[in-house]
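Enquirer: Can you keep this structure in mind? I'll have questions shortly.
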Amino acid sequence: MKRPSDKSPDKIGRQARRMQEARQHPVESPLRGISVFGMIGWSIALPTVLGAFLGMWLDKITESTFSWTIALILGGLALGILIAWSWMDKERHRR
C-alpha cells in the first residue's frame with residue numbers, strides 16, 4: 001500500500017531537473033552586493049587600522065625622525081587594497 005508521502009518517478013524527475021537548473025543558473029541576491037561591499041570595506045579598513053595602532057606604538061617606543069604611524073597607515077592601506085583587489089579578481093573568475 002502506497003503512503004501519501006511517496007513520490008512518483010515523474011515527480012522526482014521534475015524536481016531533480018529543477019534543482020539541477022537552479023545549480024547551473026543561480027539567481028544573484030541583492031544582499032550579495034551588500035556583503036561584497038562589506039567584505040571589500042573590511043579588507044581595506046582592518047589592515048589600515050592595524051597599521052595605525054602599530055605605528056603609534058612604534059612611535060612611542062622609538063625615537064625616529066619619521067612617523068611610523070603615517071608610514072604604516074599607508075602600508076596597511078596598500079595591503080588592504082591588494083587584498084580587496086585579489087578577492088574581487090577571484091570572485092570575477094569564479095563566475
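The values are calculated or read from the model by the stated rules, or taken from the named source; none is laboratory data. Predicted model, so just to flag it, every value in this text is computed and none were measured. Glycine also receives a Cβ, built like all others from the backbone with ideal geometry; neighbour counts cover every protein chain displayed. Keep in mind that these areas ignore ligands, DNA and RNA; they rest on the heavy atoms of the full protein, side chains included. Shrake-Rupley method; radii C 1.70, N 1.55, O 1.52, S 1.80 Å.
Enquirer: Suppose the filter is out of contact with any Phe, Trp or Tyr (no Cβ under 7 Å at 6 or more places or on another chain), at negative phi, surrounded by 15 or more Cβ atoms within 10 Å (Cβ to Cβ) and polar (S, T, N, Q); does Thr65 pass it?
Expert: Here the answer is no, as Thr65 does not meet what is asked.
Enquirer: Starting from the stretch 57-74, keep only residues that are without any contact (Cβ under 8 Å) to a residue 12 or more places away in the chain and under 18 Å from Leu46 (Cβ atoms), then list their pairs with residues that are assigned to a helix (DSSP H, G or I) and open to solvent by 100 Å² or more (accessible area, probe 1.4 Å) whose Cβ atoms are within a distance under 8 Å, requiring at least 6 positions of separation or different chains.
Expert: none
Enquirer: Taking the stretch 6-25, which residues are open to solvent by less than 90 Å² (accessible area, probe 1.4 Å) and either of a type in the set (S, T, N, Q) or within 20 Å of Arg94 (Cα to Cα) (or both)?
Expert: Across the stretch 6-25, the qualifying residues are Ser8, Gln15, Ala22.
Enquirer: Sticking with this one: Quick check on the stretch 26-59: of everything there that is open to solvent by less than 90 Å² (accessible area, probe 1.4 Å) and more than 29 Å from the chain's Cα centre (by Cα), which residue is farthest from Glu91 (Cα to Cα)?
Expert: Selected residue: Asp59.
Enquirer: Can you tell me how many residues in the stretch 1-46 are at pLDDT 80 or above and either in contact with a Phe, Trp or Tyr (Cβ under 8 Å, 6 or more places away or on another chain) or charged (D, E, K, R) (or both)?
Expert: Residues flagged as at pLDDT 80 or above and either in contact with a Phe, Trp or Tyr (Cβ under 8 Å, 6 or more places away or on another chain) or charged (D, E, K, R) (or both) within the stretch 1-46 amount to 10.
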